[in-house]
Every structure is written in C-alpha cells, then in structure tokens.
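To start, the structure under review is shown below, and the notes come after it.
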There are 2 protein chains.
Amino acid sequence: MELYKQIPLYRFLALCNESGMEKTILDCGAGGDSPPLSLFSNYGYSTNGIEMNVEQIERANQFATERGQNLNIQQGDMRQLAISAESMSFVYSYNSIFHMRKQDVKKAINEMKRVLKPNGLLFVNFLTLKDFRVGDGVDLGDNQFEQMEDDELVIHSYYDYHEADSMFDDLQLIYKEDRVLERKFEGEWIRQGFIDYIYKK
Amino acid sequence: MELYKQIPLYRFLALCNESGMEKTILDCGAGGDSPPLSLFSNYGYSTNGIEMNVEQIERANQFATERGQNLNIQQGDMRQLAISAESMSFVYSYNSIFHMRKQDVKKAINEMKRVLKPNGLLFVNFLTLKDFRVGDGVDLGDNQFEQMEDDELVIHSYYDYHEADSMFDDLQLIYKEDRVLERKFEGEWIRQGFIDYIYKK
C-alpha cells in the first residue's frame, strides 16, 4: 500500500480504527498534491474535505483520480463549515490551521468541535515558537507573521507549548506531541516546530 | 494493511523505498509482541533481526507466524553483530539502543555502521533529558539509570540534544527530530522524550 508523507496521521488513523466508530472523517484544509484523505480512503473511510483554494482542490482531485478515489473535497471555509453538528466520527486539520490569524484559528477549532460526534476523535497541529521562521516577515503581533511561501504572502501563527490547550478544555486529551525537526528543504537545512494534539469529544 | 505502532518508522520506510536500494534490512533489538520488521516484510523487504532476549524473540515469532511471515530474528548482541560488513541496505534500532550504558551504545552504533552498505540508510532513536524518568532509579552517572520496568531492573541512558551527534560524524544527516510526547500509560500521564535520527552512509 502506498505510503503518505503526513506521518503523524498514521497514529491518528490507528486510533480511529481502534475506536470502532463509524468511519466518517473530515479534513479541514484537505487540498494539495498529496492529500492525506487518500490514506483514510484506503482504509475504508467515507471521506470529506474542506479547502479554501480551488487550485489545491484540483491537485488533490488529480491525485485521487489517478488512484480511482473520490475524496469528496468541497470548497469552503473551515471557520464556517456547511456541515451538520455531530455528524463526523473523526475530524482533523494537518499542517493547515496555522495559516490563519489566531482569532480565526479559534473559530475553526470551534467548528471542528461542533461537527464532531460525541466520543469522536480530533487531530490538529500547530506551529510552535521553536520554528526557524518565527520573527520573519510582517509582524502582525502575538507571534503571527505574514511570510513568503511559494511566492505568495501567507500567514503563519506560532504557538507556545500550552497556548493552544485552552481551546480544547471541553475535550479529553489523548495525545500531545511537541516536535522539533531538522531536515533539508530545497538544499537548505531548516528547523520546524510543531505540536500535534489528539482529543476525544 | 495492518498499522504498526512504531510511527516514526513509517518515515524511515518511505525513505528506504525511495532510495531504490536492494530491500535488505536489519533491526537491532527486533523482538517483542509487535515487531516492526513485520511492517517492512509487508513492503517486500528481506528482514533480519538481532535480539538479546529469547522470550522477546518468541513473542515476535508468534506475531509473525500468525501473519504467515518469517522475520528471521536471531539471538545475538548488537554490540557484536555476526553479520558481514556492508551487507545491509538499511539498518535500524527503534526504542531499544538506550537500554544499554552509553559505552555499549557506542559499540552498537559502530556495528550498525559497519554492516550498512555505502549509501545505505540508518535509523536510530535515543531517550532525551526531557523524559519524565530522568533521575529515577539507581544513578550510574552521566544520565544513565537502572530503573524498574515490568518488574525488572533495566538500564536507561538519556541523551542531551547534541550528545549523540558525534557518533555519526562519518555519516550524512538526513533527518533529526526531537520529540516530547504526553500520553496516558496504564492510567497515568507520562511524558517521554526521544530524538530520532536518520543518516545516510
């Protein structure tokens, strides 16, 4: 079976499988050229995705079509999901939610929690203050920056170790991982910082 | 396909696949009730394992037999591998090498490097000083401790962020990840610290 580069989602997938809940899953920020919903589709999940950017939806659809999959990715805004409350067993947002200002991240988290079924599982990750790009670009305050990425100005919001915890006070923590990784990217060594959370509603 | 709990090895597997080298792999500390060599076997690898503890070999063999696999795990000492130089494309030790004193860890690393082919890939991980058990048990000096685990006294050696780097000065770093994770284990919250390395020879 094909391997996917979003390694932390393997842990989430294993927990989703173990939960025994109906296999319905939502990805917030689901587009791109290697959509992780494809991994969940391989494991029998009924997949749903929300993505703001039409080009990223097209890239994901091309990937899926080449594999005979339909990932069901809709254009939409994760701050305002056109999805019923408590309709998804599993919801995640991988390397995506921090491309908004913190006030918008909070709205998106509230939406993800709203559509999650009771006992459902949530995965979300954040950039941390240990990331090498903290401080670069246009300072929007509170560790939010507008930075160049692929020739576009995009927002990156960076979080302290405990900063995001309070958005999940109404959920039960299953797993929290603080990761700092060093790797070569386009010929340069980079240092990225992430916190991954898995919660149960 | 079955999922395995040793999540960081998915990244290593993906890199091994991408390398295009012959699929021969060695696991140092290969025993236990969920042997990750089984994952590599699922992806067509010719597997080899070394394990000190006979009971752990039996557990791994039972797991493999239930899946129609033969993982080829031999009893042996990773400080002195009965394996030819430059015979394995891929070598790893996952959550295992730190169960020795640091002087023995160095011997094992040297052996892993010896049996690795040129251009081959090495994965190894270490406990770090951020782990919640640093300081527990019998202090053997230099952040080495004898600690109770499953009613047995076992050694745990803990490393600072850069401490292990020098053992790999003759290899090329591909990936380094410093991880601190919080999870429930047997009803208690625990905080574990690991550094994962991937090197190319």
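Laid out as a table, the results:
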item	result
Conditions (1) within 14 Å of another protein chain (Cβ to nearest Cβ); (2) under 16 Å from the mean Cα position of the chain (by Cα); number of the one not met by A:Leu37	(1)
Matching residues, segment B:39-64, being of a type in the set (Val, Ile, Thr) and within 27 Å of B:Ala14 (Cβ to Cβ)	B:Thr47, B:Ile50
Residue that is under 18 Å from A:Tyr197 (Cα atoms) and either among the hydrophobic types (A, V, I, L, M, F, W, C) or touching a Ser or Thr at 6+ places or on another chain (Cβ under 7 Å) (or both), where the choices are A:Ile57, A:Ile7, A:Ile50	A:Ile7
Long-range neighbours under 9 Å by Cβ, at least six apart or interchain, first residue in contact (Cβ under 8 Å) with a residue 60 or more places away in the chain and among the acidic types (Asp, Glu) within segment B:1-27, second surrounded by fewer than 16 Cβ atoms within 10 Å (Cβ to Cβ) and assigned to a loop (DSSP other than H, G, I, E, B)	B:Glu2/B:Arg67
Residue in segment A:88-99 that is of a type outside the set (Lys, Arg), out of contact with any Leu (no Cβ under 8 Å at 6 or more places or on another chain) and more than 28 Å from B:Asp178 (Cβ to Cβ) present	no
Odd one out for B:Phe90, checked against (1) in a strand (DSSP E or B); (2) closer than 29 Å to B:Met21 by Cβ; (3) free of Cβ contacts under 8 Å to residues at least 24 places away in the same chain; (4) of a type in the set (A, V, I, L, M, F, W, C)	(3)
Leading residue by the ranking (nearest to A:Gln192 (Cα to Cα)) among those in segment A:127-144 that are of a type in the set (Asp, Glu) and surrounded by fewer than 19 Cβ atoms within 10 Å (Cβ to Cβ)	A:Asp136
Positions within segment A:114-126 being surrounded by fewer than 19 Cβ atoms within 10 Å (Cβ to Cβ) and more than 15 Å from A:Ile25 (Cβ to Cβ), in sequence order	A:Arg114, A:Pro118
Single residue of segment A:146-163 satisfying the filter (away from chain B (no Cβ under 13 Å) and part of a loop (DSSP other than H, G, I, E, B)) that is nearest to B:Ile195 (Cα to Cα)	A:Asp160
Residue pairs meeting the criteria (Cβ under 6 Å; at least 6 apart or on separate chains; first more than 13 Å from chain B (Cβ to nearest Cβ), in segment A:164-190; second β-branched (Val, Ile, Thr) and buried (at least 18 other Cβ atoms within 10 Å of the Cβ))	A:Met167/A:Ile109
Test: residue in segment A:191-198 that is charged (D, E, K, R), over 28 Å from A:Leu81 (Cβ atoms) and at pLDDT 95 or above	yes
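The values are calculated or read from the model by the stated rules, or taken from the named source; none is laboratory data. Since this is a predicted model, take the numbers as computed values, not measurements. Reconstructed Cβ throughout: ideal geometry from the backbone, glycine too, with neighbour counts over all protein chains shown.
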